[in-house]
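K.L.:
Mind having a look at this structure? Questions to follow.
The values are calculated or read from the model by the stated rules, or taken from the named source; none is laboratory data. Please read all numbers here as calculations on a predicted model, not as lab measurements. Methodologically, a virtual Cβ is constructed for each residue, glycine included, from the backbone with ideal geometry; neighbour enumeration extends over all protein chains shown. Protein only, heavy atoms only, side chains kept; ligands, DNA and RNA dropped before computing areas. Shrake-Rupley method; radii C 1.70, N 1.55, O 1.52, S 1.80 Å.
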Amino acid sequence: MENCLFCKIAAKQIPSSIVYEDEDLLAFKDINPAAPVHLLVIPKQHLATLSDCNASHAPLLGKMLALAPRLAEEAGCAVSYDADGEPGGGYKTLINSGPDGGQEVYHLHLHVVGGPRPWRGMR
Ligand code: 5GP
Ligand code: ZN
């Protein structure tokens, strides 16, 4: 997609700090992190918003979401449990859709936001 920022990042025409790549997905660090860990997972295929997806996109969407815990683990913010079974660590997974959803870049992306608090979080 011409003039799409994240298509250009996926095509490596614009540099980014890539943390994961396969044939379908790219994950990279957000340029303006809202927390100690702030990653974006995108499909390489241009899809403007979640509302452009249907049931045929379920495998791709599932793959994006399933990547989050792996990225969180590698970034050191996975959920873990202490000896008493109390959870620690953690992160948010978030997709903003459309203007009222706070979306600014119109290429589907999943935010993975976490790390030790306090952090400002997302709009
Ligand atoms: P949205 O509001 O659309 O859900 O989130 C867009 C995100 O993309 C924001 O968190 C913003 O900081 C990030 N972003 C915008 N431009 C760039 C860029 O050129 N490079 C990277 N790595 N992130 C960007
Ligand atoms: Zn795009």
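K.L.:
I need a count of the residues in segment 60-87 that are crowded, with 18+ Cβ neighbours inside 10 Å and farther than 22 Å from residue 25 by Cα.
P.N.:
Total meeting the criteria: 0.
K.L.:
Can you pull out the residues in segment 88-109 that are more than 21 Å from residue 67 (Cβ to Cβ), within 16 Å of ligand 2 (Cβ to nearest atom) and open to solvent by less than 20 Å² (accessible area, probe 1.4 Å)?
P.N.:
Residue satisfying the conditions is 98 alone.
K.L.:
Can you find, within segment 102-123, the residue that is farthest from the chain's Cα centre (by Cα) among those that are over 22 Å from residue 7 (Cα atoms) and within 11 Å of ligand 1 (Cβ to nearest atom)?
P.N.:
Filtering segment 102-123 for residues over 22 Å from residue 7 (Cα atoms) gives 114-123.
Checking the rest, the ones that are also within 11 Å of ligand 1 (Cβ to nearest atom) come to 122-123.
Values: 122: 13, 123: 15 Å.
Looking at the filtered set, the residue picked out is 123.
K.L.:
Does residue 42 fit the bill of being within 15 Å of ligand 1 (Cβ to nearest atom) and part of a helix (DSSP H, G or I)?
P.N.:
Details: within 15 Å of ligand 1 (Cβ to nearest atom): yes; part of a helix (DSSP H, G or I): no.
No, not satisfied.
K.L.:
Assuming residue 66 fulfils every condition listed in (1) more than 19 Å from residue 19 (Cβ to Cβ); (2) of a type in the set (Gly, Ala, Ser); (3) without any contact (Cβ under 8 Å) to a residue 24 or more places away in the chain apart from one, which condition is it?
P.N.:
(1)
K.L.:
Within segment 1-38, can you find the residues that are open to solvent by less than 20 Å² (accessible area, probe 1.4 Å), over 24 Å from residue 100 (Cβ atoms) and within 11 Å of ligand 1 (Cβ to nearest atom)?
P.N.:
9, 26, 27, 28
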